[in-house]
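The values are calculated or read from the model by the stated rules, or taken from the named source; none is laboratory data. Since we're looking at a predicted model, the values are computed, not measured. Here Cβ is always computed from backbone atoms with ideal geometry, including for glycine, and neighbour counts include all displayed protein chains. These area figures cover heavy atoms from the full protein model, side chains too; ligands, DNA and RNA do not enter into them. Shrake-Rupley method; radii C 1.70, N 1.55, O 1.52, S 1.80 Å.
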Amino acid sequence: MSSPQVITPVEKLAEAKKQLSFPCIVVICGSTRFMAEMAEADLRETKAGRIVVKPGCDLKSPHELWSDPVEAEALKVRLDELHRSKILLADEVLVVGDYIGDSTRAEIAYARSLGRPVRFAHPEVGPDA
């Protein structure tokens with residue numbers, strides 16, 4: 001007798017999106033120094049009929065919500081976890097900016113481990129990132 005096939009949460013999510021006829025969901029990744037470029041990519045992807053998720057906070061820009069360094073560090077950890085959830089939700093990843101740091105490189109690796117296609121707004125940073 002064969003054992004019943006176990007369906008993973010990721011597979012359940014993909015099936016639910018398919019049944020609901022969701023448009024493609026794109027997550028934008030990259031250094032927050034490229035927030036303006038992320039906003040432009042959001043416009044273009046939305047115009048193309050895709051659902052877009054991207055970083056919502058730029059911790060490099062001053063704001064009262066992360067003015068305390070200890071709280072800011074804890075927030076960064078939570079935001080990194082939140083962004084990984086966005087990658088899990090997405091169908092593909094769009095990397096913006098002409099620089100890829102350690103955080104973005106880790107996001108790309110995570111996306112690839114999930115089998116998500118990764119596109120680059122700047123081909124010179126390339127698919128080997």
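How about region 34-58: which of its residues are open to solvent by 60 Å² or more (accessible area, probe 1.4 Å) and aromatic (Phe, Trp, Tyr)?
none
Given the options 61, 67, 31, 21, name the one that is surrounded by 13 or more Cβ atoms within 10 Å (Cβ to Cβ) and of a type in the set (Ser, Thr, Tyr).
On inspection, the qualifying residue turns out to be 31.
Please determine whether any residue of region 106-118 is within 30 Å of residue 8 (Cβ to Cβ), surrounded by 13 or more Cβ atoms within 10 Å (Cβ to Cβ), hydroxyl-bearing (Ser, Thr, Tyr) and touching a residue at least 60 places away in the same chain (Cβ under 8 Å).
No - not one qualifying residue is present in region 106-118.
For region 1-18, which positions are open to solvent by 50 Å² or more (accessible area, probe 1.4 Å) and assigned to a helix (DSSP H, G or I)?
Correct list: 9, 10, 11, 12, 13, 14, 15, 18.
I'm checking my understanding of the structure. Among residues of region 70-99 that are assigned to a loop (DSSP other than H, G, I, E, B) and either charged (D, E, K, R) or open to solvent by less than 60 Å² (accessible area, probe 1.4 Å) (or both), which one is farthest from residue 22 (Cα to Cα)?
Here the residue is 98.
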